[in-house]
Amino acid sequence: MARDAAGWKRRNRHPAIATPLADKLAFAARTPILAFMSVNLVLVLNGPNLNLLGSREPEIYGHDTLDSIAAALEDQALALGIEIDLRQSNHEGHLVDWLHEAGARRCLAVILNAGAFTHTSVALHDAIKAITVPVIEVHLSNPHAREAFRHHSFISSVARGTICGFGAGSYALALDAAARLRQ
Ligand code: CA2
């Protein structure tokens, strides 16, 4: 436990201020008023190969890069009074960890493009089921209009809703949907 120069146990003096983030979250969850509050933060999670956006297959995924999508979402989020945090990983476990983080932080929503893990990942299905934060599934393309192996999603049945087929616009529509979740 952290102590200052005088040897005080800082956690006991200022439980919600002087402790690390995990302690603050645990404190908030134990505190009746704070336990029901959600933060105005939307995590925008992107799965494998989406870091390559804009470089290949523009006829399917469009010309936008993940950076240009992030910039447009930042502007939209500012106008909506929402904070966003866009992340990408090629590793399934990172996405699972970030979903858990969204749950612990009581985010407003998660916007999730799980890429090809959409069609394979029981782990992501279980992680979404394990959190109360609404997850909005997005896809740039319309997987239902593509190869048969893209027709099943392990995400859809546990997502609040799915938006697909509008290119970068799918993310913009998802952020609008997230904003409407605020009470
Ligand atoms: O349409 C989508 O957003 C997808 O989630 C994209 C995934 C695909 O496996 C899903 O079926 C639908 C693939 C992302 C790969 O992105 C690339 C971008 C440029 C070049 C190569 C891959």
task = Assess whether residue 150 counts as being under 23 Å from residue 61 (Cβ atoms), loosely packed, with under 15 Cβ neighbours inside 10 Å and within 16 Å of the ligand (Cβ to nearest atom).
result = no
Original post:
Do the conditions hold for residue 92, that is, is it acidic (Asp, Glu), in contact (Cβ under 8 Å) with a residue 12 or more places away in the chain, at negative phi and touching a strand residue (DSSP E or B) at 6+ places or on another chain (Cβ under 6 Å)?
Top reply: no
Expected single match for closer than 15 Å to residue 178 by Cα, surrounded by 14 or more Cβ atoms within 10 Å (Cβ to Cβ) and either in contact with a strand residue (DSSP E or B) (Cβ under 9 Å, 6 or more places away or on another chain) or touching a residue at least 12 places away in the same chain (Cβ under 8 Å) (or both) among 123, 109, 127 is 109
Residue 101 vs. criteria away from the ligand (no atom under 16 Å from the Cβ) and free of Cβ contacts under 8 Å to residues at least 60 places away in the same chain: yes
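Read-outs: derived from the displayed coordinates by stated rules, not from any lab. All of these numbers come straight from a predicted model, not from anything done at the bench. Every residue, glycine as well, gets a Cβ built from its backbone with ideal geometry; the counts of neighbours run over all protein chains shown.
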